Amino acid sequence: MSYWADITIIGAGVIGLAIASQVTREDREVYVLEKNETFGQEQSSRNSEVIHAGIYYEKDSLKARTCLEGNGLLYQLCEQNGIACKKCGKIIVATNDVEATELEKLYRRGNENGVPLKMLSRREMGKLEPNIKGISAFFSPTTGVVDSYSLVRYFLGKARENGAQMAFKTEVIGIEKVSGGYKVEVKEPSGNSSLMTRVLINCAGLYSDKVAEMTGINIDEANYKLHWCKGEYYSVGGGKNKLLNRLIYPVPMAISVGVHVCFDVDWRLRFGPLFYYVNEINFAVNDSRKRDFLESSIMKALPFIEPSDLEPESAGIMAMLQAEGEGFRDFVIRHEEHRGLPGFINLVGIESPGLTSCPAIARYVSHMVNEILEN
Ligand SMILES: Cc1cc2nc3c(=O)[nH]c(=O)nc-3n(C[C@H](O)[C@H](O)[C@H](O)COP(=O)(O)OP(=O)(O)OC[C@H]3O[C@@H](n4cnc5c(N)ncnc54)[C@H](O)[C@@H]3O)c2cc1C
């Protein structure tokens, strides 16, 4: 490869491809570089597939803003393009007094973020979900589920249709700032080569801190260092999916939103993810953690689940900026001009709700790209 591209995107996950579909047009040469054999093999295909409503995130944060906007855009996109999704709604349920206090705080936060929510009386909860047990709960009508594979494939098709070029088995191994843009060094099966680009967009997911580092950014000083967090899922058999009508979540007390009831668009029931920090990429489910699963708060709300109903199913690993024990961290989506890197757009820590936020993130990045290329 030795081309001058207008825009080069590193990573063909849902974020890189949503951006590619948005920024590509006839008069722009756009490349997507992906180290794997094909698209969407990492975070984008190993997640809960939930279209989040925007309840959990700090007010005015990028997570809150892009999640709320992404929620609406995603339902629209799915409807217009035949991508399977279900606006099934979810109930967040507290099973003791401590959780009930946190539930009220969460309800207020969701309200502040502008998310439609409804506090439920015990009677209303029993009517919506007769088989769950809890002392208080609220309902989120705009939460749903999406077929994430079809969504990623849709963005790939759209990006290609608009003229973007995909380079699979192409790993970015070095970045050099040159006059007018960047020289991107890549490793391909046939050997190493490079391409020149005016705009470079880092959508490298679990490795986005490493890619940021290739540009010379000190990721410790910039606070861009990622922590990998593994989330394990268990499938639930025995026809128990018929006992629930929507997604059921606990009150989040630790990392992320907590082990919850996940349904896919075909109403297959799973529980997860049980999150813990890891240092390596290994997607095997460690079933010695089944006990943690059984002791998780959501199980108290679902007394009809027997330990024998649960079978280890799959795992995903999330790119978190939040270190163990640390508080809220927002997405990093920045044009790094102020670091002396004009034309370099950095996306780091695009963890949950990244799937939900992807169409809004694509719009946000597209404005940055237009400003760079049209100035
Ligand atoms: C367990 C789990 C549950 C989740 N649940 C939800 C949910 O229910 N709802 C929700 O909204 N979000 C959820 N998320 C978050 C969501 O999945 C992510 O935010 C989203 O998939 C991030 O997409 P991405 O494209 O940034 O990353 P990825 O899908 O990881 O894609 C990054 C791509 O970059 C490529 N790459 C990396 N380095 C290089 C390199 N040097 N050269 C070339 N290519 C490179 C990788 O191979 C990869 O294909 C969850 C995540 C996890 C892990």
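Descriptive notes on the structure:
- Here region 300-355 and region 198-271 have alpha carbon centers that stand 5 Å from each other.
- Inter-label distance for Leu243 and Asn282, nm, one decimal - labels placed 7 Å from Cα along Cα-to-Cβ: 3.4
- Region 95-216, accessible surface, carbon-and-sulfur percent (1.4 angstrom probe): 47
- Subtracting the Cα-Cα distance of Ser61 and Ile135 from 0.36 nm times their residue separation leaves 23.6 nm of extension gain.
- Among residues other than Pro273 with Cβ under 12 Å from its Cβ, the summed charge is -1 (Lys and Arg +1, Asp and Glu -1).
- For region 197-237, backbone nitrogen atoms closer than 13 Å to the point 7 Å from Phe168 Cα along Cα-to-C-beta are found at no residue.
- Dipole check for region 234-323: with +1 at the C-beta of Lys and Arg, -1 at the C-beta of Asp and Glu, and the Cα centre as origin, the magnitude is about 280 Debye.
- Between Glu221 and Asp292, the contour length at 0.36 nm per residue exceeds the Cα-Cα span by 22.0 nm.
- Packing here is the average count of other Cβ atoms within 10 Å per residue, and on that basis the peptides 196-206, 55-65, 350-360, highest first, run 350-360, 196-206, 55-65.
- Computed log₁₀ I(q)/I(0) - Debye formula, equal Cα scatterers, no solvent, region 63-127, q 0.20 Å⁻¹: -0.94
- Normalised Debye scattering of region 18-58 at q = 0.28, 0.31, 0.32 Å⁻¹ gives log10 I(q)/I(0) of -1.02, -1.10, -1.12, counting only Cα atoms as equal scatterers and leaving out solvent.
- Rounded to the nearest whole Hz, the Karplus-based 3J(HN,Hα) values (6.51 cos²θ - 1.76 cosθ + 1.60, θ = phi - 60°) of region 317-334 follow the sequence 10, 10, 8, 9, 7, 6, 7, 4, x, 7, x, 4, 10, 8, 4, 9, 9, 9, with x at glycine and proline.
- Gaussian network model of the chain, Cα within-10 Å springs - most flexible of Ala222, Ala100, Ala362: Ala222
- Between region 93-166 and region 11-38, the Cα center-to-center distance that results, in Å: 29
- Residue pairs, from the table Lys59/Lys225; Lys63/Lys290; Lys86/Lys230; Lys35/Lys63; Lys225/Lys290; Lys86/Lys118, whose Cα atoms sit over 21 Å apart: Lys59/Lys225; Lys63/Lys290; Lys86/Lys230; Lys35/Lys63; Lys225/Lys290
- Taking the inverse of the mean reciprocal distance over all distinct Cα pairs, the Kirkwood hydrodynamic radius of the chain comes to 21.4 Å.
- This model, with +1 at the C-beta of Lys and Arg and -1 at the C-beta of Asp and Glu, gives the chain a dipole about its Cα centre of some 1040 debye.
- The alpha carbons of region 293-372 occupy a box of 56, 27, 20 Å along the principal axes, longest dimension given first.
- Choice from Glu280, Glu306, Glu221 showing the highest fluctuation, given a GNM over the chain with Cα pairs closer than 10 Å: Glu221
- Choice from Asn223, Asn111, Asn279 with maximal GNM fluctuation in the chain (Cα, 10 Å cutoff): Asn279
- From most to least packed by mean Cβ count within 10 Å, the peptides 164-173, 146-155 give 146-155, 164-173.
- A simple charge model with +1 on the Cβ of Lys and Arg, -1 on the Cβ of Asp and Glu and nothing else charged puts the dipole of region 303-347 at about 460 debye relative to its Cα centre.
- Cβ-based charge dipole, the chain, positive-most Cα from Gly343, Asn96, Asn286: Asn96
- When the trypsin sites (Lys or Arg not before Pro) in region 255-314 are filtered for DSSP coil states and for at most 13 other beta-carbon atoms within 10 Å of their beta-carbon, the remaining sites are Arg268.
- For Ile175, nonlocal amide neighbours, meaning residues 5 or more places apart or on other chains whose placed amide H falls under 5 Å from its own, are Glu185.
The values are calculated or read from the model by the stated rules, or taken from the named source; none is laboratory data. Because the structure is a prediction, the values reported are computed rather than measured. Reconstructed Cβ throughout: ideal geometry from the backbone, glycine too, with neighbour counts over all protein chains shown. Just so you know, the surface numbers come from the protein's heavy atoms only, side chains and all, with ligands and any DNA or RNA stripped out. Shrake-Rupley method; radii C 1.70, N 1.55, O 1.52, S 1.80 Å.
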